[in-house]
1. With r defined as the distance between the Cβ atoms of E108 and H72 and R0 fixed at 22 Å, what FRET efficiency is calculated, to the nearest 0.05?
2. With labels modelled as points extended 7 Å from the Cα through the Cβ direction, what inter-label distance (nm, one decimal) is found for K83 paired with T95?
3. Counting only other residues whose beta carbon sits under 14 Å from that of K26, what net charge do I get with K and R as +1, D and E as -1?
4. Whole number please: convex hull volume per residue of the Cα set in the range 1-51, in Å³?
5. Build a GNM of the chain with springs between Cα atoms under 10 Å: which of P54, P78, P20 gets the top mean-square fluctuation?
6. Have a look at I106, I67, I14 and tell me which one the Gaussian network model of the chain (Cα, springs below 10 Å) gives the largest fluctuation.
7. Per DSSP H run of at least 4 residues, take -39500 (n - 2.57); add these up for the chain, divide by its residues and hand me the 222 nm value, nearest 500 deg cm²/dmol.
8. Picking from G74, G96, G29, which is most flexible by a Gaussian network model of the chain using Cα springs under 10 Å?
Amino acid sequence: MSIEITRKGSKFMIRGYTYPIKEELKAVGCRWDKANKCWYTEDESVAKELHENPPKETVDLTAKVVIAKALHKGNEYPVVHRKGEGAKLSFTDGTGVFWVKSVEKILEEYDPAISLEEF
């Protein structure tokens, strides 16, 4: 599972790869916590349901296709998409992706692409 739910006071913090399910989170009453940079709910039943039945979009991250390896802020990341100078990078464990305006250097390009598991 690639979302993690923890309790912080009266809030259930939802972290991980939540971008593809943000509309679903909004629909069940979750809100974005800007300070903690994660979604949350104060409804224990919603948190329990998300924990027991995570949305499918967050389960199979191994299907991500890696097209290159890049250096960003001194660390190596799998590249899952490129647009101009920008790139969508992934964490190597598949827990999430993030956009950067530019990378320091493309270390290696994969043709054909490989799966995140092979990275």
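Readers should treat all values here as calculations from the given coordinates under stated rules, not as data from a laboratory. Predicted model only: the values in this text are computed from it and were never measured. Cβ coordinates were reconstructed from backbone atoms using ideal geometry, including for glycine residues, and neighbour counts include every protein chain displayed.
1. On the way: r = 14 Å, r/R0 = 0.63.
Efficiency at R0 = 22 Å is approximately 0.95.
2. That separation, rounded to one decimal, is 2.6 nm.
3. Working: positive: K22, R31; negative: E23, E24, D33, D43.
Result for the local shell: -2.
4. Here the figure is 69 Å³ per residue.
5. P20
6. Ranking I106, I67, I14 by mean-square fluctuation puts I106 first.
7. Details: 2 runs with 15 residues, N = 119.
So the calculated ellipticity at 222 nm is -3500 deg cm²/dmol.
8. Judging by the Gaussian network model, the answer is G74.
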